[in-house]
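Student: Right, I'll just put the structure down here and ask away after.
Here, each number is a calculation from the coordinates, and none is a lab measurement. Note that this is a predicted model, so its numbers are computed, not measured. Here the Cβ positions follow ideal geometry from the backbone for every residue, glycine too, while neighbour counts run over all protein chains shown.
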Amino acid sequence: MQTADKSVKVVEGITPNTLDFDALMAAQEPVILRGLVSHWTMVQAALQSHESAMTYLASFYNGRTVGSYWAGPELKGRYGYNESMTDLNFERRRVPLTEMLDDIQAHLYDDEPPSRYVGSTSIDACLPGFRADNDLVFTHPMFEQNPPLASIWLGNPSVVAAHYDAPNNIACCVAGKRRFTLFPPDQIANLYPGPLEPTPGGQAISLVDFSNPDLDRFPRFAQALEVAQVADLEPGDGLFYPSMWWHQVEGLDRFNAMINYWWNTSPAYMGTPMNVLKHALLSLRDRPEHEREAWRKVFDYYVFGDANTSREHIPEHAWGELAPLDDVQARQLRTWLINRLNR
């Protein structure tokens, strides 16, 4: 296949104490933070062996079950939709983390191991104490109201198809090698997202098989490749990528583990924009074209344009819902919406 030619920018010599979050957020581009967490005890265990990494993880485990994906070797770790797109191509199970680690270890050196994966599992909930020797430093004022969520992802060889996440992300490769293929948000149409439901992890995923793209079926994917960026990570490397960037993630070793930190820069009282999308599908998408165009102008005026434009000619005491959003107003808007939707 034609592959992406551009590699993600690499920054050397960064430590958790010298991360420049202002620069990362201002650039709004992916950046490899080479060796960011190479000193972590987890990384050092992984460099010894896959078995050492799993033993180290298990030493913190408190017995809580974790969400996991199970499939046969024929899947080759490519989790997604079934052929009819009415369901997913793997089985979800909640199991003890040690059961998953034992199963991965039992097939560690199989030529075609069964596909096993644990995604987005809270470290604090399942691995108390792990972050004492394996953590980043988040002292920037941006995090005072938005502390990052630290999660672990692990499994054997895997391909998580391209998707986007609403939060910003720093992903730390702590065992095995990982490859991210990233696309800016404006590439959504060229990546051919699948159904909004069901999804493997909450977001629609690209239908394109990057290893063997069907350009007759997905011709615009060639345009996406022109702007794709690739990040190859070794244990100890970090990767920052901004909110809403599409990314395919490949775990390339017999055992792979990643720690990631998600954070939003908006107040917690703001709702997820996915609610707006679903409501727009209900209320706007299938209206006549002239109506949709008129509503596009309304949204540009009230939502996507300068907020001051919609209220600068109105006395401040009369701004109402046009005023800057706060917790009280968010609750009022949410109550209004619930009442309207339940009529």
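Student: Rounded to two decimals, what is the ratio between the C-alpha radius of gyration of segment 20-62 and 2.2 N^0.38 Å?
Tutor: Expressed relative to 2.2 N^0.38 Å, the Cα Rg reads 1.64.
Student: While we're on this one: Can you sort SER7, SER115, SER84, SER52 so the residue with the fewest Cβ neighbours within 10 Å comes first?
Tutor: SER84, SER7, SER52, SER115
Student: How big is D for segment 189-343, in µm² s⁻¹ as a whole number, if Stokes-Einstein is applied with the Kirkwood radius of its Cα pairs at 25 °C and 0.890 mPa s?
Tutor: For these conditions, the coefficient is 122 µm²/s.
Student: Does segment 134-276 come out rounded, prolate or oblate by the C-alpha gyration tensor, with a ≥ b ≥ c the root eigenvalues, rounded set by a/c under 1.5 and, if not, prolate when a/b is larger than b/c and oblate if not?
Tutor: It comes out oblate by the Cα gyration axes.
Student: At 0.890 mPa s and 25 °C, plugging the Kirkwood radius over alpha-carbon pairs of segment 273-341 into Stokes-Einstein gives what diffusion coefficient in µm²/s?
Tutor: Roughly 178 µm²/s, to the nearest whole number.
Student: Once both axes come from the Cα atoms, what is the angle between helix 273-283 and the longest principal axis of the chain, in degrees from 0 to 90, rounded to 10?
Tutor: Taking the Cα atoms of the chain, the angle to 273-283 is about 50 degrees.
Student: Next up: For the chain, give me the percentage of DSSP beta bridges that are antiparallel, rounded to the nearest 5 percent.
Tutor: So the antiparallel bridges amount to about 90 percent of the total.
Student: Return CYS126, CYS173 ranked ascending by Cβ neighbour count within 10 Å, so the fewest neighbours appear first.
Tutor: CYS126, CYS173
Student: Would you list LYS297, LYS76 from fewest to most Cβ contacts within 10 Å?
Tutor: The order, fewest Cβ neighbours first, is LYS297, LYS76.
Student: Related question: Which residue, ASN82, TRP70, ASN17, has the largest displacement toward the positive end of the dipole of segment 1-95 when charges sit on each Cβ (Lys, Arg +1; Asp, Glu -1)?
Tutor: Farthest towards the positive end: TRP70.
Student: Continuing with this model, one more query. Can you give me the relative contact order of the chain as a percent, contacts being Cα pairs under 8 Å and 6 or more apart?
Tutor: Rounded, it is 22 percent for the chain.
Student: From Cα coordinates alone, what are the radius of gyration and Dmax values for segment 57-210 in angstrom?
Tutor: 16.7, 48
Student: Moving on. Ordered by packing density, taken as the mean number of other Cβ atoms within 10 Å over each peptide's residues, highest first, how do 34-44, 229-239, 302-312 rank?
Tutor: 229-239, 34-44, 302-312
Student: Note down, for segment 1-100, the three equivalent ellipsoid semi-axes (square root of 5 times each alpha carbon gyration tensor eigenvalue), biggest first, whole angstrom.
Tutor: Three semi-axes, in Å: 31, 25, 14.
Student: Expressed in nm to one decimal, what extension gain is obtained for the pair GLU112 and LEU282 from 0.36 nm per residue of sequence separation less their Cα-Cα distance?
Tutor: 56.7 nm
Student: Follow-up. Taking the Cα centre of segment 164-319 as the origin, how large is its charge dipole in debye, to the nearest 20, when only Lys and Arg (+1) and Asp and Glu (-1) carry charge on their Cβ atoms?
Tutor: Value, rounded to 20: 240 debye.
Student: Let me ask another. Once the cut-off is 30 Å, how many percent of the Cα-Cα pairs in the chain end up in the long-distance tail?
Tutor: Summing the P(r) of the chain above 30 Å gives 44 percent of all pairs.
Student: Calculated from DSSP H runs of 4 or more alone, at -39500 (n - 2.57) each and per residue, what is the 222 nm mean residue ellipticity of the chain, nearest 500?
Tutor: -7000 deg cm²/dmol
Student: Suppose every Lys and Arg Cβ carries +1 and every Asp and Glu Cβ carries -1, with no other charges. What dipole size does segment 6-263 come out with about its Cα centre, to the nearest 20 debye?
Tutor: Around 160 debye, computed over segment 6-263.
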